[in-house]
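Let me begin by presenting the structure, written as structure tokens, before commenting on it.
The values are calculated or read from the model by the stated rules, or taken from the named source; none is laboratory data. Just so it is clear, the structure is predicted and the values come from calculations on it, not from any experiment. Ideal geometry is used to build each Cβ from the backbone, glycine not excepted, and the neighbour counts take in all protein chains shown. For accessibility, only protein heavy atoms count, side chains too; no ligands or nucleic acids. Shrake-Rupley method; radii C 1.70, N 1.55, O 1.52, S 1.80 Å.
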Amino acid sequence: MSSLPDTLRRRVDDGTVPGAVGLVARGDDVEVVAVGSVDVEGTTPMARDSIFRIASVTKPVTAAAVLALVEDGRLALNTPVEEWLPELAKPTVVRTPSSPVEDVVPANRPVTVEDLLSFRAGWGLPSDFSLPAARALFAVQDHSRSFQDWPEPDTWLGLLAQVPMLHQPGEAWLYGTSSALQGILVARVSGRTFPGFLAERIFEPLGMLDTAFEVPAPKRHRFTSSYAPAADGTLHLTDTPDGAYSSLPRFPSGGGGLVSTADDLLAFLQMLANAGTAPDGTPVLSPTSVSRMTTNHLTVAQRDASTLFLEGQGWGYGGQVDVTPADPWNVPGRYGWVGGTGTTAHIVPPTGTVTVLLTQTAMTGPTPTPLMREFWECTAQGQCPAR
């Protein structure tokens, strides 16, 4: 089995990624490997504290923020979200998943906080992107555009409210949209901006100094460029350190807007591994909230309908929960998620392991990349020992 440095270096050498940071932790024993460069030109070596766009690895952080408000008594899991998101008070649902968007029926019950957390709200991406309601959602949830170019959250929510649900609330797992809604919910319930609430309740207690929705000028020398693979295997530049993250976006998305570092994500994941407690003993979440986050909430039928994204595994709040050992890294109870910019972050409670992989080359679809799978295999079951 290759070592962690060899695993990452091989993909830098073949041009898959300009660089990467891999982290494996078991308790206080932490290995961090940084290889390659922050850009294809090789202007600056990759470092442990390099900053990456983490994309959908934002989702577990957003779920933690919602649960903090549940602990405050501001929300309950069975609270209808229309109390805070009145735009969603009277949603409609397409009669069948393949029905045209004009053929709708009323939702049979309100959408709840738990529906958002478990991704069963009725809005979101299905495995079949050709469905009419899915195409209508793509027009509103346009991931080809930077969050800088999305409308402000209130405007976006009004547009979403005009899109019919693909399924009745609670019926099916659908990807993505629920995390964006969670971020808006946190802002409205707390009376704060979403970035401000995250900073106060999550980032500051955990010492996550480099996690935010923007990268200020003094930190941009540590910020990686971002790329997408072209058909011929070359890498196409999609964003620079002085680009989209130079200022707060109009839409600070709970679904994918954060930047972070390996050590910041380690702090967040170790908090989950420590039942919600920060390293200095500060309680960030309760053990009950952590258990809810990291427990599968899907039925077998819901998992089977979501194999494009979940590959047969389950879903907690904000992240995947492995329920079957399909591959060596799928240890039942493993929790975490992947980001479309080429990032992954997981905890493996049965083995006490935390793994983080940060790259700046985007995924080409929902399926994890070969490098992600190689990293997970290398780090599974102690095969990439910390040193």
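The table below lists the values:
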item	result
Cβ-based charge dipole, the chain, positive-most Cα from 287, 195, 147	287
Where labels lie 7 Å past Cα in the beta-carbon direction, separation of residue 47 and residue 13 in nm	2.6
Fraction of accessible area attributable to carbon and sulfur, region 220-287 (%, probe 1.4 Å)	56
About the Cα centre, charge dipole magnitude for the chain (Lys/Arg +1, Asp/Glu -1 at Cβ), debye	300
Backbone HN-Hα couplings from phi across region 88-102 [Karplus 6.51/-1.76/1.60, Hz, Gly and Pro as x]	9, 6, 10, x, 10, 10, 4, 4, 9, x, 8, 5, x, 5, 7
Identified option (computed Cα extents along the principal axes in Å; candidates [x] 65, 58, 48; [y] 56, 47, 42; [z] 62, 52, 42)	[y]
Heavy-atom accessible area per residue - region 233-279, 1.4 Å, Å²	35
Acute angle (nearest 10 degrees) that the helix 262-273 long axis makes with the longest principal axis of the chain, alpha-carbon atoms	60
Percentage relative contact order, the chain, counting C-alpha pairs under 8 Å, at least six apart	24
Calculated from backbone phi, Karplus (6.51, -1.76, 1.60) coupling profile of region 170-186 in Hz, x at Gly/Pro	x, 7, 9, 7, 9, 8, x, 4, 4, 5, 4, 5, 4, x, 5, 4, 4
Virtual spin-label span in nm between residue 135 and residue 288, 7 Å along Cα→Cβ	4.6
Rounded tilt (10° steps) of 370-379 against the dominant C-alpha axis of the chain	70
Exposed-loop-free span, longest in the chain, where GluC sites (Glu not before Pro) count as exposed if DSSP calls them loop and at most 13 other C-beta atoms lie within 10 Å	103-387
Estimated dipole of region 105-236 in Debye, rounded to 20 [Cβ of Lys and Arg +1, of Asp and Glu -1, Cα centre]	140
Percent accessible area from carbon and sulfur atoms, region 1-40, protein chains only, probe 1.4 Å	42
Projected label distance in nm at residue 299 and residue 192, using a 7 Å step from Cα toward the beta-carbon	3.8
Helix 4-13 vs. the chain, principal-axis angle (Cα, 0 to 90°, nearest 10)	80
Backbone HN-Hα couplings from phi across region 109-125 [Karplus 6.51/-1.76/1.60, Hz, Gly and Pro as x]	6, x, 7, 10, 4, 5, 4, 5, 5, 8, 6, 10, 7, x, 9, x, 8
Relative contact order, percent, region 217-291 [alpha-carbon distance under 8 Å, six or more residues apart]	16
Added length on full extension, which subtracts the Cα-Cα distance from 0.36 nm per residue, residue 200 to residue 327	41.9 nm
At R0 = 51 Å, FRET efficiency that the Cβ-Cβ distance of residue 274 and residue 103 yields, to 0.05	0.55
Contour minus Cα-Cα distance for residue 30 and residue 242 (0.36 nm per residue)	73.2 nm
Rounded if a/c under 1.5, otherwise prolate or oblate - region 249-387, Cα gyration tensor axes	rounded
